[in-house]
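This report concerns only the one structure given below.
We did not get these values from a lab; they are worked out from the coordinates using the rules stated. Quick caveat, the model's predicted, so the values are computed rather than measured. For neighbour counting, all protein chains shown are included, and Cβ atoms are generated from backbone atoms with ideal geometry for every residue, glycine included.
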Amino acid sequence: MGDVLTALAPPALLCASGLYAACSSWWRRRHPAPPPYSQSAARLAELDLLAVAEAIVRESWAELDELYRAAPAPDPRAGSRP
């Protein structure tokens, strides 16, 4: 039985790889890769979002800075209280 399996393994492997190649090429014809200009558009949109996020963080830090400057200084003699 071991000789039969050894003899049938190469043809089975060739049939399986051929079937895989046929299915893969069919899938690629039906679902092509996106064109490169959409990737560059996505990259530009990412840069725009990054600029907006940086502006939001910058404004938040500016508001926090104003709040901390307006708050009275802690009394060093009071010590740390929970």
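Is it the case that ALA73 is of a type outside the set (Val, Ile, Thr) and part of a helix (DSSP H, G or I)? Outline the logic, then answer.
Working: of a type outside the set (Val, Ile, Thr): yes; part of a helix (DSSP H, G or I): no.
Against the criterion (of a type outside the set (Val, Ile, Thr) and part of a helix (DSSP H, G or I)), ALA73 does not qualify.
For the criterion of being surrounded by 10 or more Cβ atoms within 10 Å (Cβ to Cβ) and not hydroxyl-bearing (Ser, Thr, Tyr), LEU5 fails.
Given the structure, is ALA73 over 26 Å from the mean Cα position of the chain (by Cα), surrounded by 10 or more Cβ atoms within 10 Å (Cβ to Cβ) and aliphatic (A, V, I, L, M)? No.
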